[in-house]
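First comes the structure, then the notes that go with it.
The values are calculated or read from the model by the stated rules, or taken from the named source; none is laboratory data. None of the values given here were measured: they were computed from a predicted structure. For neighbour counting, all protein chains shown are included, and Cβ atoms are generated from backbone atoms with ideal geometry for every residue, glycine included.
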Amino acid sequence: MQGTDANGEERTAAAIHARIGADRGRPIRVHRRGGTRGCDRDRLDSLPVRPVPTLQQQVKRVRDLIPRGVKLCAVLKNGEPVGWLADAMARAAKVDYFCVPNAQDGIALREAGVDAPIMVLYLTEASYAPVLLHYDLEPAAYSLAWVDEANRLLQRARGILKVHLWIDTGLSREGVMPDDALALARAVNQSPKLHLQGIATHFCCLEKGDLAAIEKGNLENQTALQKHRFDQVVESIHAAGIGLDAIIHAGSSDALRFGVTPVYYNMLRIGGMLFENPSPEHRNYTWKTKILQVKTLPKGWCIDYDCKKTVEVDTRVGLVAHVPNDEVTYLVRGQTVKKLLDHEYVVVLDISHLPDVREGEEVTIILPEPNSPLDSSWSSAPVTLRDGAGPGKGR
Ligand SMILES: Cc1ncc(COP(=O)(O)O)c(C=O)c1O
């Protein structure tokens, strides 16, 4: 796979990977047989997870709640393997779009053979523009400077980068302020290298009463107010003859949960609701990792820097790689194991009461809340997703 850089030079996908990996301070995941487009079942089957029918049922349930004509965008912020998840979801129901939190996860989806449109949420630096184009990933355009830089870098590239005009309508997070949105839309529209694919915002305070407030035009309600600002901006952009075919999107899980239909627009970006578990005991999926090292610490051995604590008796420990959530409970063979040490990249579990446990044994990760996400995009642990299984079943 080749890309074209700012100077029109051809670059290999490996060079692009290396750059992104270096930027993020962590290695990029490249699947063994990755690289080509098109859904390659063999490649997906080689990933270390099994089918997750209950997760797929949940995707179907969500799809069925969304009116026809409104696209479903699955927001994948909940963990690895992100490409596999995307494929499992797409096979279960019609997922029109995917959203990922960073370019690297977008590349992982492409490497897993995901063909659907992929939007990269939040702030992706304009310097990534050639890479985004190469992988057909759609970033948010959030400032004139961003557009200028993307234009400059894409000058000699082949193709046109699709972007979403992101508007901050009252969350104080990513996006252009409403008053500056039209100028930004014009800049995108005038660019020969950019296409205005979407116009978007994100709500801060979706709640039950929003539908009634919107219907009454009650701008004391925060969602109604944000919607009002968003609609005004979209109207002004359309009035300028720009973005008439752009996808308008704003709503997330709570919009669907509370039936706030006026904010469905052309597409809903659904994250949490796709991963919901009925309860901690009845999970649609569980996270698993593996014990990577087992050893016995002799009595008196220091625990942690400065040796403020030592082990009181000979202690058998199992080490797992970093799991990015301090609050998790670890289960081995269905039994809770205590954390002796959590050093971010290495977690040491006390498995003294499980003398037969060996390296490679599965560890179940129970999150603090039934629906809490495991943002394993920052995990160095070989975290995988498994079907069903509450803690009691010891899977
Ligand atoms: C911009 C944006 N859109 C959509 C979502 C999905 O939100 P939810 O998980 O509530 O569906 C999120 C949250 O992760 C988000 O930040």
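Among residues of region 338-352 being within 29 Å of the chain's Cα centre (by Cα) and crowded, with 18+ Cβ neighbours inside 10 Å, the one that is modelled with the lowest pLDDT is Val347. Consider region 181-216 and keep the residues that are among the basic types (Lys, Arg) and over 17 Å from Gln232 (Cβ atoms). The one that is surrounded by the most Cβ atoms within 10 Å (Cβ to Cβ) is Lys193.
Being at pLDDT below 95, within 16 Å of the ligand (Cβ to nearest atom) and either assigned to a loop (DSSP other than H, G, I, E, B) or farther than 21 Å from Lys162 by Cα (or both) is true of Arg61.
Hey, among Ala213, Ala255, Ala200, Ala250, which residue is away from the ligand (no atom under 16 Å from the Cβ) and of a type in the set (Gly, Ala, Ser)? It would help to see each step written out before you state the result.
Working: Ala255 fails: away from the ligand (no atom under 16 Å from the Cβ); Ala200 fails: away from the ligand (no atom under 16 Å from the Cβ); Ala250 fails: away from the ligand (no atom under 16 Å from the Cβ).
Among Ala213, Ala255, Ala200, Ala250, only Ala213 is away from the ligand (no atom under 16 Å from the Cβ) and of a type in the set (Gly, Ala, Ser).
Evaluate the following for Ser236: is it of a type in the set (Ser, Thr, Tyr) and over 26 Å from Leu274 (Cα atoms)? Judged against the criteria, Ser236 is a match.
Is there a residue in region 299-318 that is outside any strand (DSSP E or B), in contact with a Leu (Cβ under 9 Å, 6 or more places away or on another chain) and under 27 Å from Leu55 (Cα atoms)? Checking region 299-318: not a single residue is outside any strand (DSSP E or B), in contact with a Leu (Cβ under 9 Å, 6 or more places away or on another chain) and under 27 Å from Leu55 (Cα atoms).
What tally of residues in region 96-142 results from selecting those that are part of a loop (DSSP other than H, G, I, E, B) and touching a strand residue (DSSP E or B) at 6+ places or on another chain (Cβ under 9 Å)?
14
Among the residues of region 319-350, those that are in contact (Cβ under 8 Å) with a residue 60 or more places away in the chain and either assigned to a loop (DSSP other than H, G, I, E, B) or in contact with a Leu (Cβ under 9 Å, 6 or more places away or on another chain) (or both) comprise Val320, Ala321, Val323, Thr329, Arg333, Gly334.
Could you tell me which residue of region 141-152 is nearest to the ligand (Cβ to nearest atom), considering only residues that are in contact (Cβ under 8 Å) with a residue 24 or more places away in the chain and surrounded by 22 or more Cβ atoms within 10 Å (Cβ to Cβ)? Here the answer is Tyr142.
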